[in-house]
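Trainee: My questions will all concern the structure given below.
No value in this document is a laboratory result; all are computed from the given coordinates. Every value quoted in this text rests on a predicted model; they were computed, and no experiment measured them. Methodologically, a virtual Cβ is constructed for each residue, glycine included, from the backbone with ideal geometry; neighbour enumeration extends over all protein chains shown.
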């Protein structure tokens, strides 16, 4: 059976996005045209299939690469960030109580009665502590070596 | 709890909260990649489009005017990146054709094995139908079906009148339906 209702118009019919007279006309036509009813069903299957066709997820390496590139741009913003003590503790992976015990050593400042830490200063502070730790570890190793082999020494 | 709006995240980022950008990235990186894959295929560099899009967003966020249209703005950037690649691909094909040479790597839009394994048969038919659409229909349908954007958002993304967008999407849906019809041998 031939008819003049195309898929595109059936799609508009499915969206109820036609003028009321044409909507009614197609509705009447559908009651007598098996081919169009089948097309409308296929259109609904297509819509359902499109809804079921999940998004393609990017590979993990692609996500990490994109993050690395973006990080170069947003790093200055991130480093300028001002953190609360809770955020600082989380950043340092210690508890707020542990942080409280070392508050005087922190590169913090007071603002409106609240203690705040600038991320960039905190990073510099950590780097200094890393250097101190390495130096102390070396000194301690040298001292231990001297105790174990007093005659030989360590250059 | 209601999610923080995109525009509020943009404002937070501009006020120095870098983590707000991380949230925007988390919210949209799959959509950008998925759109780029639909437009370019696995071998067309969708991962590069993902990277370039968010790099451009990070560099251009100062120019964005918060009007509740962040997603359209972001997807427009992704779309422009895809169009540039499609154009480059066309030029390469023309050059190769002029020199009577075959492209070294066919510009296949077929999903890679990883994606194919995730899809059932009907979804594979639908993906093949989408891949065969003209670029304009494919991009409109991808935004409509996968990103579930409104006609208005798609019109903003494609910088096209809303009626054009409706026509593109209906043609795309119809093409998918025709493909299903031919697969089921139900031609009348």
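Trainee: Per-residue ellipticity at 222 nm for chain B, helices alone: DSSP H runs ≥ 4 residues times -39500 (n - 2.57), over residue total, nearest 500 deg cm²/dmol?
Mentor: -23500 deg cm²/dmol
Trainee: Relative to the longest principal axis of the C-alpha atoms of chain B, give the angle of the C-alpha long axis of helix B:46-60, reported between 0 and 90° and rounded to the nearest 10°.
Mentor: 30
Trainee: Which value in Å is the Kirkwood Rh of chain B over different Cα pairs?
Mentor: Its Kirkwood hydrodynamic radius stands at 18.1 Å.
Trainee: Which order do A:77, A:69 fall in if you start with the one that has the fewest other Cβ atoms within 10 Å? Show your work: numbers first, answer last.
Mentor: Numbers: A:77 20, A:69 15.
By the 10 Å Cβ count, ascending: A:69, A:77.
Trainee: Let me ask another. Could you list A:31, B:34 in order of exposure, starting from the residue whose Cβ has the fewest other Cβ atoms within 10 Å?
Mentor: A:31, B:34
Trainee: Quick one: if you stick a label point 7 Å off each Cα along the C-beta vector at residue A:133 and residue B:14, how many nm between them?
Mentor: 4.0
Trainee: Sticking with this structure for a sec: For A:29, B:29, what's the fewest-to-most ordering of other Cβ within 10 Å of each Cβ?
Mentor: Values: A:29 15, B:29 21.
Ascending number of Cβ neighbours within 10 Å: A:29, B:29.
Trainee: Shifting gears a bit: Taking every Cα atom in chain A, find the radius of gyration and the maximum pairwise distance Dmax, and write them in Å.
Mentor: 35.0, 109
Trainee: What do you get for the angle between helix B:70-98 and the principal long axis of chain B? Use alpha-carbon atoms, 0 to 90 degrees, nearest ten.
Mentor: 40
Trainee: If you don't mind, there's one more thing I want to ask. 7 Å from Cα along Cα→Cβ at both residue B:65 and residue A:79: what's the point-to-point distance in nm?
Mentor: Inter-label distance under the simple model: 3.4 nm.
Trainee: Separation of segment B:1-68 and segment A:103-153 by C-alpha centroid, Å?
Mentor: 39
Trainee: If each DSSP helix of 4+ residues adds -39,500 (n - 2.57) and the sum is divided by the residues in chain A, what number results at 222 nm, nearest 500 deg cm²/dmol? Display every interim value, and only then the final one.
Mentor: Working: 7 runs with 104 residues, N = 155.
Rounded to the nearest 500, it is -22000 deg cm²/dmol.
Trainee: Now for a different question. If you line up the long axis of helix A:119-148 against the longest principal axis of chain A, both from Cα atoms, how many degrees apart are they, to the nearest 10?
Mentor: 40
Trainee: State, to one decimal in nm, how far the label point of residue B:184 lies from the label point of residue A:141, with both points 7 Å from Cα in the Cβ direction.
Mentor: Modelled inter-label distance: 7.3 nm.
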